[in-house]
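Q: Here it is: the structure, laid out below.
The values are calculated or read from the model by the stated rules, or taken from the named source; none is laboratory data. Just so we're clear, the structure is a prediction, and the values are computed from it rather than from any experiment. All Cβ positions, even for glycine, are placed from backbone atoms using ideal geometry, and neighbour counts span all protein chains on display. Note: accessible area is taken over every heavy atom of the protein model, side chains too, but ligands, DNA and RNA are not part of it. Shrake-Rupley method; radii C 1.70, N 1.55, O 1.52, S 1.80 Å.
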Amino acid sequence: MVETALNIALYVFLAICAILIVFYFPRLKGWFASFKKQKRLINDKKNNIAVIIPARNESKVIGDLLNCLTHQTYAKEHFGVHVIIKDSNDPTIEIAKKANASVHIASNQTCKGDALDFCLKEILGSNPDKYDSYVIVDADCMLDEKFLEEMNNAMASGKQIIQAKKIVKNYHIKNKKANSISASCNGLIWTIIDDMGNRYKSDKNITGMTIGTGLMLRSDVVKMLGGWPYRQTLTEDIELMFDCMVKKISTFYYSYAIMYMEESTSLKITNKRRRRWLTGVVDSKRIYAKAVKKSAKTKEDKRNKYYVLALWPVFYYIGICVVFSILQFGLAVVLFILKDSLWLKSLLYCGIGIAIIYVSFWILTLFCLIVERKNMPISIFKRLVLLFVHPVFYMGYIPIIAKALFFSNNKGWEVIDRIDFKMQTAKNDMEVKVEPLSDDEGEFACLPQD
């Protein structure tokens, strides 16, 4: 009787997993679409672009970003740099002034959304028609020398919001401490979001997942919004994604506009970032759930609804596996105490639930490594390590998501530690170095595009 019940439970569990995988199939199209080269766009018009940099307490890293902006191939008369700080004593102010950037002091900011809203409203208030678009870039990022040129080209798509491609900056830092396993594991998330997700969505006119750095908003969107209204959660960019679907704001991912993202070398800091992001994702979904459901009237709207909520089948899939494994483990303990030999089968079934999660993430990791192979200058050995370690790292999302779902705890806008390493890369036998900017140092070129 007990053995029959165990077998039935396994079959039901596997059937539910299969159904959820089928429901996820449309997203798998994006995985395979990432192998197709994106069409390159050329824009004859030179749009005026505002580069917006939220830089609260970022004096340690912003010099590198400002250096990149001074070496852009895009004509300097067609873009302006705006740095947002909180404290009037922040040393970032002097660094920004040396780079001829405008400084906005948003002393009442409590989140990144507040900083963006303050800056955008100041620009709109003084000269609403000065810029054709606004690009948001985090202070710890670095930019390819053609970044703004390619973002301008992307505007030829006619889309209202454009997302750049993100590559892990740590790979180009010639210091083993910067290339920790934790940094490499977390960096694969950008491949999943960009090339294995937004790439396909752009081709099919589907609302993409917006990330709050390397993000361009056309001026008509900024004027319509009246600034930056997304300030209810820790993830203002996910709020934007839901609102794009609701307001039918078009989105586009352009793989030729390249930026470099910093990943923390510490698992502790990485987990802090992951907790903050997942908490915001869950909170944003709760806030926009009714609006998203209400706006899904046409076939196209329903398709967009599926994609903006596509993480939820994954949550259910992993959740079912976790619950099944926990129940089977508990049953195995009980059967062992009762000296019933079926405890081994129950323990085996527990392992099956865990193995399904691991294998699923292993397949995801394999795709990531194949898709991003040209942008990961790391050894084959380290790639193999990532292939088997990243699934375990990804399983670390399970307790984070559970806490966000059932014990939401918005801790506010925390300061995240930054990397203090020199960065180097090589191209065509010519080495280009980027070092932190100090008061007595000159400018350094930023990364060339491959």
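Q: What is the residue count in region 12-34 for residues that are over 20 Å from the mean Cα position of the chain (by Cα) and within 16 Å of Thr191 (Cβ to Cβ)?
A: Here the count works out to 0.
Q: How about region 293-351: which of its residues are over 27 Å from Ala5 (Cα atoms), open to solvent by less than 30 Å² (accessible area, probe 1.4 Å) and not in a loop (DSSP other than H, G, I, E, B)?
A: To start, the set of residues in region 293-351 that are over 27 Å from Ala5 (Cα atoms) comprises 293-312.
Adding the requirement that they be open to solvent by less than 30 Å² (accessible area, probe 1.4 Å) leaves 295-296, 301, 304, 307-308, 310.
Answer for region 293-351, where residues must be over 27 Å from Ala5 (Cα atoms), open to solvent by less than 30 Å² (accessible area, probe 1.4 Å) and not in a loop (DSSP other than H, G, I, E, B): Ser295, Asp301, Asn304, Tyr307, Val308.
Q: Select from region 244-280 the residues that are in a helix (DSSP H, G or I), open to solvent by less than 10 Å² (accessible area, probe 1.4 Å) and not polar (S, T, N, Q) and write down the one among them that is farthest from Asn170 (Cα to Cα).
A: In this case the residue turns out to be Met245.
Q: Then there's this: All but one of (1) outside any loop (DSSP other than H, G, I, E, B); (2) under 29 Å from Glu239 (Cα atoms); (3) touching a residue at least 24 places away in the same chain (Cβ under 8 Å); (4) under 27 Å from the mean Cα position of the chain (by Cα) hold for Arg56; which doesn't?
A: Of (1) outside any loop (DSSP other than H, G, I, E, B); (2) under 29 Å from Glu239 (Cα atoms); (3) touching a residue at least 24 places away in the same chain (Cβ under 8 Å); (4) under 27 Å from the mean Cα position of the chain (by Cα), only one is false for Arg56: (1).
Q: Filter region 127-137 down to the residues that are assigned to a loop (DSSP other than H, G, I, E, B) and of a type in the set (Ser, Thr, Tyr) and list them by number. Working first, answer last.
A: Residues of region 127-137 assigned to a loop (DSSP other than H, G, I, E, B): 127-132, 137.
The answer is Tyr131, and nothing else.
Q: Oh, and also: Among (1) assigned to a helix (DSSP H, G or I); (2) at pLDDT below 90; (3) not charged (D, E, K, R), there is one condition Ala115 misses while meeting the rest; what is its number?
A: Condition (2) is where Ala115 drops out.
Q: Let me ask something else. How do the pairs read when you match residues in region 315-343 that are over 23 Å from Leu20 (Cβ atoms) with residues anywhere that are outside any helix (DSSP H, G or I), using Cβ under 7 Å and keeping only pairs 6 or more apart or on different chains?
A: Listed by first residue and then by second, the contacts come to Leu335/Leu342.
Q: Looking at (1) modelled with pLDDT of 95 or more; (2) closer than 21 Å to Ile320 by Cα; (3) not acidic (Asp, Glu), which is the only condition Phe23 fails?
A: The failed condition is (1).
Q: Within region 79-110, track down each residue that is modelled with pLDDT under 90 and either among the aliphatic types (A, V, I, L, M) or open to solvent by less than 20 Å² (accessible area, probe 1.4 Å) (or both).
A: Selection gives Gln109 alone.
Q: Further, regarding this structure: Checking Thr425 against (1) surrounded by 15 or more Cβ atoms within 10 Å (Cβ to Cβ); (2) at pLDDT 55 or above, only one condition comes out false. Which one?
A: (2)
Q: Determine which member of the set Ser255, Ser182 is out of contact with any Lys or Arg (no Cβ under 8 Å at 6 or more places or on another chain), small (Gly, Ala, Ser) and touching a residue at least 12 places away in the same chain (Cβ under 8 Å).
A: Details: Ser255 fails: out of contact with any Lys or Arg (no Cβ under 8 Å at 6 or more places or on another chain).
Criteria check complete, one pass: Ser182.
Q: Test each condition in (1) of a type in the set (A, V, I, L, M); (2) more than 30 Å from Asn175 (Cα to Cα); (3) assigned to a loop (DSSP other than H, G, I, E, B) for Ile356 and report the one that comes out false.
A: (3)
Q: Within region 111-124, how many residues are open to solvent by less than 70 Å² (accessible area, probe 1.4 Å) and under 12 Å from Val222 (Cα atoms)?
A: Here is the first cut: in region 111-124, the ones open to solvent by less than 70 Å² (accessible area, probe 1.4 Å) are 111-117, 119-120, 123-124.
Those left that are additionally under 12 Å from Val222 (Cα atoms): 116-117, 119-120, 123-124.
So the count comes out to 6.
Q: Out of everything in region 19-34 that is β-branched (Val, Ile, Thr) and free of Cβ contacts under 8 Å to residues at least 12 places away in the same chain, what residue ends up being most open to solvent (accessible area, probe 1.4 Å)? Before you say what the answer is, go through the steps one by one.
A: Here is the first cut: in region 19-34, the ones β-branched (Val, Ile, Thr) are 19, 21-22.
If we keep only those that are free of Cβ contacts under 8 Å to residues at least 12 places away in the same chain as well, we get 19, 22.
On the way: Ile19: 115, Val22: 84 Å².
Filtering first and then ranking leaves Ile19.
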